[in-house]
1. Among the residues of the range 1-41, what is the count of those that are part of a helix (DSSP H, G or I), open to solvent by less than 50 Å² (accessible area, probe 1.4 Å) and either at pLDDT 80 or above or in contact with a Lys or Arg (Cβ under 6 Å, 6 or more places away or on another chain) (or both)?
2. Exactly one condition in (1) farther than 29 Å from ASP35 by Cβ; (2) in a loop (DSSP other than H, G, I, E, B); (3) open to solvent by less than 70 Å² (accessible area, probe 1.4 Å) is false for VAL64; which is it?
3. Residue by residue through the range 140-163, note down the ones that are within 13 Å of TYR112 (Cα to Cα) and under 19 Å from the mean Cα position of the chain (by Cα).
4. Report, by residue number, each residue of the range 69-88 that is assigned to a helix (DSSP H, G or I) and surrounded by 16 or more Cβ atoms within 10 Å (Cβ to Cβ).
5. From GLU105, GLU128, grab the single residue that is open to solvent by 30 Å² or more (accessible area, probe 1.4 Å) and in contact (Cβ under 8 Å) with a residue 40 or more places away in the chain.
6. Could you tell me how many of the residues in the range 99-140 are under 13 Å from ALA169 (Cα atoms) and aromatic (Phe, Trp, Tyr)?
Amino acid sequence: LPIATASPALHDLPRRLLLSAATLTPQAGDAAHGDAERAVLAARLRLLSARGDLDGLAALAGRVGRELEDDEIVRLKAAVALLTEDFEAACVTASDQVGRAVDGEWLKLLAYCRALSGDRAGAALSLELLQETAATDPVFYQLLNARLQPPDAPVKLKSLRSASPLVLA
């Protein structure tokens, strides 16, 4: 599917295919069907993301049932929640994921959620733990520290080469 095209019709057709409610047809006794469906779903989500189609990405991610979620799909859904400012959904996902596996990205999101909820002490503790785990993300650390300061404190970033959904949030 072409990601960029000058033709509105050619741009709309792949979008409609990516957003289709159609699923893979299961084969009788095919245990790998769930894995194949997850892979296709993840690819569809990635393509919508590459196209910059946030509305389409949110629509498709919202239709994904828990039975089809794998690590990649959960991460994509959390990213969509952050980009669409559905911070409650992103924070619930972070809490669920931190309980399942220790991962720096989920810990960062949890620290952000604590800062959002006004739990300065919890966010500061999470930040200290993150910095001790060798997870390097100076931009995130600077922005979270700024979030924990009084609202009038200026933030000056030296550069922002790439911004994750969490950094944008």
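The values are calculated or read from the model by the stated rules, or taken from the named source; none is laboratory data. For clarity, every value in this text was computed on a predicted model and none was experimentally measured. All Cβ positions, glycine included, derive from the backbone under ideal geometry; neighbour counts span all protein chains shown. Keep in mind that these areas ignore ligands, DNA and RNA; they rest on the heavy atoms of the full protein, side chains included. Shrake-Rupley method; radii C 1.70, N 1.55, O 1.52, S 1.80 Å.
1. 4
2. (1)
3. Residues satisfying the conditions are PHE140, TYR141, LEU143, LEU144.
4. ILE73, VAL74, ARG75, LEU76, LYS77, ALA78, ALA79, VAL80, ALA81, LEU82, LEU83, PHE87
5. Selected residue: GLU105, the only one of GLU105, GLU128 that is open to solvent by 30 Å² or more (accessible area, probe 1.4 Å) and in contact (Cβ under 8 Å) with a residue 40 or more places away in the chain.
6. Adding up the residues that qualify gives 2.
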